[in-house]
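In what follows, a single structure is set out as structure tokens and then discussed.
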């Protein structure tokens, strides 16, 4: 054996000796002797039964051991909601005239008898009105009745003593306002007119829901399932499955919003009627100007 072979043999022997020493001394490594015997399986500790008397609150279930005293979150019966105080229905449509300004809208669609016979109607009115710094009003009106459509726009400015009218997008026609009677053209489109013609019916049928903020105004919310539409709109019509919601300003009793949905029968024709009216931007600055 040459010297090179003897050196290699010595290195291999030394490496084997170091490996066996580390295996016996490092923690966590199995003992060599333990590998020669059968591994014993540890006996698990006996299960601990949950005492029958233990109270487990917060699981949403009121068990036999729980009661309103030791587990109120699971067993205590919640207080019933207190119904709002029942207030009589009060609405002052004329109070709209006491506002310095407001915008308004009206939408109606469904079966009506406004023209004397049962017809499908879509009606929209949008406008704004101010009393300061000068009396002025502008509005747009459009309607579709059994496929026939019409539209109109009107502007009135008191300081200028003039009114402008145009139909179906035609050129504006300037009309000098000679006296107040000429302003009656607004009557058929005003919120006062529509809130009066679409009356609520018997106030005894109206239930008080509570106070709500509507269109920036603290309002009383009323609801009726027996409401009816009166006047020419409802001539010859009967209503069913009515839901009529009305919001009235707490301060001033003026109308703020109304939404009605109902089944309707007009002159032996059945259908439905939906309408909404609302007053918004109350007492906010407006800028009603003459059309160009």
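The values are calculated or read from the model by the stated rules, or taken from the named source; none is laboratory data. Keep in mind it's a predicted model, so treat the numbers as computed, not measured. No Cβ is skipped: glycine too gets one built from the backbone with ideal geometry, and neighbour counts run over all protein chains shown.
Points worth noting:
- Only one of the numbered conditions (1) in contact with a helix residue (DSSP H, G or I) (Cβ under 9 Å, 6 or more places away or on another chain); (2) surrounded by 16 or more Cβ atoms within 10 Å (Cβ to Cβ); (3) under 30 Å from residue 160 (Cβ atoms) is violated by residue 264, and that is (3).
- When region 70-103 is filtered for residues that are exposed (fewer than 10 other Cβ atoms within 10 Å of the Cβ) and modelled with pLDDT of 75 or more, only 88 remains.
- Search result, residues across region 188-205 that are modelled with pLDDT of 80 or more and assigned to a loop (DSSP other than H, G, I, E, B): 190
- Of all the residues in region 114-145, those that are touching a helix residue (DSSP H, G or I) at 6+ places or on another chain (Cβ under 6 Å) and not in a strand (DSSP E or B) number 1.
- For region 117-144, the set of residues classified as over 29 Å from residue 282 (Cβ atoms) and in contact (Cβ under 8 Å) with a residue 40 or more places away in the chain consists of 117, 118, 120, listed by residue number.
- Scanning region 154-165 for residues that are surrounded by 14 or more Cβ atoms within 10 Å (Cβ to Cβ) and in contact (Cβ under 8 Å) with a residue 24 or more places away in the chain gives 154, 155, 156, 157, 158, 160, 162, 164.
- Among the residues of region 168-209, those identified as surrounded by fewer than 12 Cβ atoms within 10 Å (Cβ to Cβ) and touching a residue at least 12 places away in the same chain (Cβ under 8 Å) are 168, 169, 176.
- Which numbered condition residue 110 misses (of (1) touching a residue at least 24 places away in the same chain (Cβ under 8 Å); (2) touching a helix residue (DSSP H, G or I) at 6+ places or on another chain (Cβ under 9 Å)): (2)
- One residue stands out in region 147-163 among those that are part of a strand (DSSP E or B) and more than 38 Å from the chain's Cα centre (by Cα): the one that is farthest from residue 128 (Cα to Cα), namely 162.
- In region 236-258, the residues that are surrounded by fewer than 16 Cβ atoms within 10 Å (Cβ to Cβ) and in contact with a strand residue (DSSP E or B) (Cβ under 8 Å, 6 or more places away or on another chain): 236, 238, 240, 241, 243, 250, 251
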